[in-house]
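No value in this document is a laboratory result; all are computed from the given coordinates. The model shown is predicted, which means the values in this text are computed figures rather than measured ones. Glycine gets a Cβ as well: all are built from the backbone with ideal geometry, and neighbour counts include every protein chain shown.
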Amino acid sequence: MDELEFFIGIDLGASNVRVALADSNYRVYRKIKEPTVKTDSAEKLTEQVCALVRRVGGDRLDRVKGLGVGSIGPLDYRRGTLLNPANLPLGEIPLGESLRDEFNLPVYVLNDCTVAALGEKVFGSGIDCNNLFYVTLSSGIGGGAIVDGNLLIGKDGNAVEIGHIVVDLDGRLKCGCGGRGHWEAYCSGKNIPLFVKYLVEVYPDKFYGGKIRELIEDDNVTTENLFYLAKIGDEYSLKIIREIRKINAIGFANINTVFDPELIIVGGSIALHNEKLILQPVKEYIKQYTINRIPEIKITTLRDDVVLYGAIALAMHPPRIFKQD
Ligand SMILES: [Zn+2]
């Protein structure tokens, strides 16, 4: 027991911060989750993270060998600095530097979805896979990839911005990033309501009816409501879900065509809560759009902790790219 080394993982999101302690035998304990502090100061946020690290570290803090962070982006992974994330607009947040100064430990910061892929490889369903892809279908759409056993990072750490691939040649909808026709503009939690309104407006004969009409009239179009109505069998909601499934199938097909993974693991609240409506159709329709052999596609077993586990894995197994500095 005395020879054990310890590692701390941090999942920094716009809504929650999760921190956990693990040992070198891959045992994870002392998980803490807190709402991300509402503040206009980067220092306050950093203080919150430091306090959580101290809490999970407890009396083992002096045996901790490294900190891994999976963070919302964009970020500069070399400095460990967040670059004014859209959902956490605090300017530059030098999180890596602050944690290094505070704890005098190696600190590794990567994009949350990149880190999630590592979490699946080390703790999740991807243990035996050398080629795996993680997709999150959440308020946004993101991805991370292990390719031939290596975590894909890219020149700036943005290797798999999968939510911003073009899936609609006509570019009917505009994405939050400013681009047109991006996957995220149609199928993310934040944008599904805009897609619903678009379909209803342009094809009223097909989509404006049933409970969807009520949602529009009550100005109550949310992603949750759409999936709820589809689950209770509302015909018009199901028609809209069919449009979403077509675009999801194209997104997954492009992943398969480019990365040729053995396994695609899916997380994020939309997928976790709507496995039948989201994942089943993807499995059925992906064949229409990809030339590569169809991989296994499944929901993450790490659920909401996938980035947290990935952050621990990052602290334990930092990619070689960090050692060059
Ligand atoms: Zn975009």
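Inter-label distance, GLU97 to TYR208: 5.4 nm, where each label sits 7 Å from its Cα along the C-beta direction. Within the shell defined by Cβ-Cβ distances under 12 Å, the residues around ASP260 carry a net charge of -1, with Lys and Arg each +1 and Asp and Glu each -1. Below 8 Å, C-alpha to C-alpha, sequence gap of six or more: please give me the relative contact order for the chain in percent. For the chain, the relative contact order is 20 percent.
A simple count of charges around GLY124, restricted to other residues whose Cβ falls under 12 Å of its Cβ and scoring Lys, Arg +1 and Asp, Glu -1, yields 0.
With Cα atoms defining each centre, region 20-85 and region 201-236 are spaced 41 Å apart in the structure. Each label point was placed 7 Å from the Cα along the Cα-to-Cβ direction; for LYS276 and TYR289 their separation is 2.4 nm.
For GLU235 and THR257, a Förster radius of 45 Å and the Cβ-Cβ distance give a FRET efficiency of 0.85, rounded to the nearest 0.05. Of the trypsin sites (Lys or Arg not before Pro) found in region 284-325, the ones in coil according to DSSP and having at most 10 other Cβ atoms within 10 Å of their Cβ are ARG293.
Placing dummy labels 7 Å off each Cα toward the beta-carbon, the span from ASN87 to GLU296 is 2.9 nm.
Subtracting the Cα-Cα distance of ARG172 and LYS197 from their residue separation scaled by 0.36 nm leaves 7.8 nm.
Applying a threshold of 28 Å to the alpha-carbon distances of LYS33/LYS246; LYS155/LYS276; LYS246/LYS298; LYS190/LYS211 flags LYS33/LYS246; LYS155/LYS276 as lying beyond it. Within region 128-300, antiparallel bridges make up roughly 55 percent of the DSSP beta bridges whose residues both belong there. Rounded to the nearest 0.05, the FRET efficiency derived from the C-beta distance between ASN104 and ASP304 at R0 = 45 Å is 0.90. Shown for region 128-300 is the translational diffusion coefficient from the Stokes-Einstein equation, using the Kirkwood radius over Cα pairs, a temperature of 20 °C and a viscosity of 1.002 mPa s: 130 µm²/s. By DSSP, the beta bridges lying fully in the chain are antiparallel in about 55 percent of cases. A cut-off under 12 angstrom between Cβ atoms defines the neighbours of GLY142, and their net charge, with Lys, Arg +1 and Asp, Glu -1, is -3. Got a sec? Which residues in region 154-168 would a label at ARG180 touch, if it sits 7 Å along Cα→Cβ and we count backbone N under 18 Å? Those under the cut-off are 164-168. Extension gain, SER24 to LYS65, is 13.8 nm, computed as 0.36 nm per intervening residue step minus the present C-alpha separation.
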